[in-house]
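The values are calculated or read from the model by the stated rules, or taken from the named source; none is laboratory data. The shown structure was predicted, so the numbers you read here are calculated from the model rather than taken from an experiment. Every residue, glycine as well, gets a Cβ built from its backbone with ideal geometry; the counts of neighbours run over all protein chains shown. Note: accessible area is taken over every heavy atom of the protein model, side chains too, but ligands, DNA and RNA are not part of it. Shrake-Rupley method; radii C 1.70, N 1.55, O 1.52, S 1.80 Å.
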Amino acid sequence: MIGNKKQKKMALHCFSLFALMLIITGIPLFYPNRNLLISHGLFYPFLFILEFMIIVPLYFYRFKKLPGFGLGNFSFSQLIVYSIAILCIQLGYPFLLGQDKLIGMSNQPQLFPRYVYWLTQLTLIFMVPLYEEISFRGGLFSALQIWIKNPYFASCVTSITFSLLHTQYTDINSIVILFFISLILVSARRKTNGLLLPITLHMLMNSAAVLV
């Protein structure tokens, strides 16, 4: 009974990290000058930096030592295998559909000053993967594993949530791609029992979407 209480407390503790990310995501919507940020192309960089500045320090303060939240058993062989799997989805799925762009590509260089474009891309590559992996594969997946007690179902729920919360992508194909990529990231989290591999994979994935 005591063990169950500890598990429930741990699940709520982990889920609170994910819930906090959701709350932070909504903060810019109430920012008085949000329309000005949007018109200058700075809304997303502002949001990314805000989430990074809150989630990452909190992770080091309260979550880093929890099971599954550390670096894990990282290896370069695993990095190569999982990277190939993600690239196959990123490149293969659009190719089968006759598309010539990866998800994540934007027309920002044409719409906004170049510094806005690079600020957005740099935050996407170096900041977003950190706090998203901490929140989704760390907080949400850990909580669901305790509540559902089925890692495969927990992986699917985490991945559905991950894909649907990327509201900047409105077409079903991008959502499907994100779902399968999330399954790979959850698998990397489970395989290594840590977040370093999924964070690295997420960074490489976002880099490919920017540079390819």
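Here is how the numbers come out for the structure above:
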quantity	calculated
Within segment 138-177, considering residues that are among the β-branched types (V, I, T) and open to solvent by less than 10 Å² (accessible area, probe 1.4 Å), the one nearest to L197 (Cα to Cα)	T158
In segment 14-33, the residues that are open to solvent by less than 90 Å² (accessible area, probe 1.4 Å), farther than 29 Å from G70 by Cβ and part of a helix (DSSP H, G or I)	G26, P28
Segment 39-97, subset of a type in the set (D, E, K, R) and in a loop (DSSP other than H, G, I, E, B), residue nearest to I23 (Cα to Cα)	K64
Residues (open to solvent by less than 50 Å² (accessible area, probe 1.4 Å) and small (G, A, S)) located in segment 34-50	G41
Condition met for K9 (out of contact with any strand residue (DSSP E or B) (no Cβ under 7 Å at 6 or more places or on another chain) and either open to solvent by less than 40 Å² (accessible area, probe 1.4 Å) or at pLDDT 90 or above (or both))	yes
Close pairs from segment 5-30: first touching a residue at least 24 places away in the same chain (Cβ under 8 Å), partner part of a helix (DSSP H, G or I) and surrounded by fewer than 13 Cβ atoms within 10 Å (Cβ to Cβ), Cβ under 6 Å, at least 6 apart	none
Count of residues meeting criterion [without any contact (Cβ under 8 Å) to a residue 40 or more places away in the chain and of a type in the set (A, V, I, L, M)] in segment 172-212	4
Hey, F141 modelled with pLDDT of 95 or more, under 14 Å from the mean Cα position of the chain (by Cα) and of a type in the set (F, W, Y) or not	yes
Filter result (modelled with pLDDT of 95 or more and of a type in the set (S, T, Y)) within segment 176-212	S182, S187, T192, T200
Residue in segment 94-109 that is surrounded by 17 or more Cβ atoms within 10 Å (Cβ to Cβ) and at pLDDT 90 or above present	no
